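The values are calculated or read from the model by the stated rules, or taken from the named source; none is laboratory data. Note that this is a predicted model, so its numbers are computed, not measured. Methodologically, a virtual Cβ is constructed for each residue, glycine included, from the backbone with ideal geometry; neighbour enumeration extends over all protein chains shown. Each accessible area value is taken on the protein alone, full model and side chains, heavy atoms only, with ligands, DNA and RNA left out. Shrake-Rupley method; radii C 1.70, N 1.55, O 1.52, S 1.80 Å.
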Amino acid sequence: MKGYVVLETGETFSGQLFGAEEGKDVHAEIVFFTGMTGYQEVLSDPSFKGQMVVFTYPLIGNYGINQSDFESLKPQAEALLISELNETGHHYEANQPLSDCLTQAKIPYLTGVDTRAIVKRIRKNGDMRAVLTTNPEAVDFNASLPLGEQDVVSTVAVKEKQTFGSGEQHVVLVDFGYKKSIVDELVASGNQVTVVPYHTSFEAIDALKPDGILLSNGPGNPKQLTSYIPTIRKMAEHYPTLGICLGHQLLALAFGGNTEKLNFGHRGANQPVIDQKTNKVYMTSQNHSYVVNETSLTQTELQARFFNVNDGSIEGLEHKSLPVLSVQFHPEAHPGPSDSATLFNVFKEMMSQGRESLYV
C-alpha cells in the first residue's frame, strides 16, 4: 500500500509501505546508515531501538538473512527506509529474504522512497523525529516524546543474569542493550562472561567476583541513566573497566565529564579513528548520536585518547591512574582484519594486572 514518511520539518516522502498495522503510525527518530553491507546487524542492534533507519546504499537485501549474524534475539529498529529491496537474497548461509524477516518481526518498512533526498535533509537539519504513516495529513508529532527523553534501555536490556563461556578470567558485562558480538569476542579471547541487567547493584556485582567490568552499548540519551552513575563510578574504581559506545558515555559522566548530541550521528562501517597513544588509525563501525564534550574533561581524571579523523570528536578515553578505558566505536564490529578488535586484548591485559593498581 502507499505509505509516507513525514519529517519533523514538515516534508513528506512517499513509497510502498509493508508490515504496518492499519491505522497505526510509527513514531521514531530518523537516522541514516552509510554501510554498503550490514543491514542484518543494523536491524538487530539494540542501539537502534527507537529509531527508523534510512539506508544510504540503494540496494538492500541482496544476501538475505541468516541465523548467525543477529546481534540480539529479535530485530530492534522501529522501521526501515529502503530505496530498492531485493525480494530474494542469495548467499550460501541465507535462510530467508529480508522481507520475510521483517514481516515475521512486525517491523514496517518503506521501499521505493527517495532515500538520497531524506539523507540530505537529515544532514542539513540533524537527526529528527519522523512518522511513518498512511495518512500524512493526520500526523501529530505531539503524540510521542523525542527519543532523548525516552527510557529505551529498559526495553532492550536483559531481565535476568546470563552466563557464557568458561575462561579463566571473569568479565561482568553490565547490559544497557548489548550486542551479541561483544560477548562472542570476550568468550573467544578466553573469558567467562556474566551479563547482568543495567540496574544491578554494586554489591551484587562484587559478589560475582569479576576480574573486569564491561559497560555495554545501548540506545538513547546517556543522561536518562543519571541515577545509575554513582554505581558505575564505584565499579570503575574497584575493577578494570572497559566501556563501549553508551558505556563510554556513561563512564565520562561518572567521572565528571559531559555529553552532547551530534547534529547527525555516526552510523556506518568506515569511520576513521586515530589512537593518539599509538598513532594508529582504525577503520571503525559506529552507531551513536551522543559524544563526550572534550572541554568538560578539563577538571576530571579522564583524558581523550581516540579521536574521529573526520570531525575531531572524541572516540575514546582513558583514566589517568585507574585501569579504565572506553571507546565510542564498536571494536567487536571491526570492518578490517587487523583493526580495533585488538582492544579486547588490551582489556584482557588490564584484567591480568589485577586490582593491585586500583585506588579503592
### Message
So, in segment 67-94, how many residues would count as being touching a residue at least 12 places away in the same chain (Cβ under 8 Å), open to solvent by 10 Å² or more (accessible area, probe 1.4 Å) and over 23 Å from Asp151 (Cβ atoms)?
### Response
15
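Check Val119, Val113, Val131 and return the single one that is part of a loop (DSSP other than H, G, I, E, B), modelled with pLDDT of 95 or more and within 24 Å of Ser47 (Cβ to Cβ). Give the steps one after another, and end with the answer.
On the way: Val119 fails: part of a loop (DSSP other than H, G, I, E, B); Val131 fails: part of a loop (DSSP other than H, G, I, E, B).
It is Val113.
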### Summary
Val327 meets each of (1) open to solvent by 20 Å² or more (accessible area, probe 1.4 Å); (2) in contact with a strand residue (DSSP E or B) (Cβ under 6 Å, 6 or more places away or on another chain) with one exception, condition (1)
### Task
Considering every residue within segment 247-259, establish whether at least one is surrounded by 15 or more Cβ atoms within 10 Å (Cβ to Cβ) and assigned to a strand (DSSP E or B).
yes
### Query
Restricting to segment 186-217, what's the tally of residues that are open to solvent by less than 10 Å² (accessible area, probe 1.4 Å) and within 20 Å of Ala333 (Cα to Cα)?
9
### Every residue from segment 139-168 that is touching a residue at least 12 places away in the same chain (Cβ under 8 Å), assigned to a helix (DSSP H, G or I) and exposed (fewer than 12 other Cβ atoms within 10 Å of the Cβ)
Ala143, Glu149
#### Entry: Boolean, Lys234 is at positive phi and open to solvent by 60 Å² or more (accessible area, probe 1.4 Å)
no
### Message
The conditions are (1) of a type outside the set (Gly, Ala, Ser); (2) assigned to a strand (DSSP E or B); (3) open to solvent by less than 60 Å² (accessible area, probe 1.4 Å); (4) in contact with a helix residue (DSSP H, G or I) (Cβ under 9 Å, 6 or more places away or on another chain), and Val183 fails exactly one of them. Which is it?
### Response
(2)
### From the options Thr103, Thr133, residue that is within 25 Å of the chain's Cα centre (by Cα) and either open to solvent by 50 Å² or more (accessible area, probe 1.4 Å) or under 18 Å from Lys2 (Cβ atoms) (or both)
Thr103
#### Entry: Whichever residue in segment 8-44 is β-branched (Val, Ile, Thr) and part of a loop (DSSP other than H, G, I, E, B) and, among such residues, is most open to solvent (accessible area, probe 1.4 Å)
Thr37
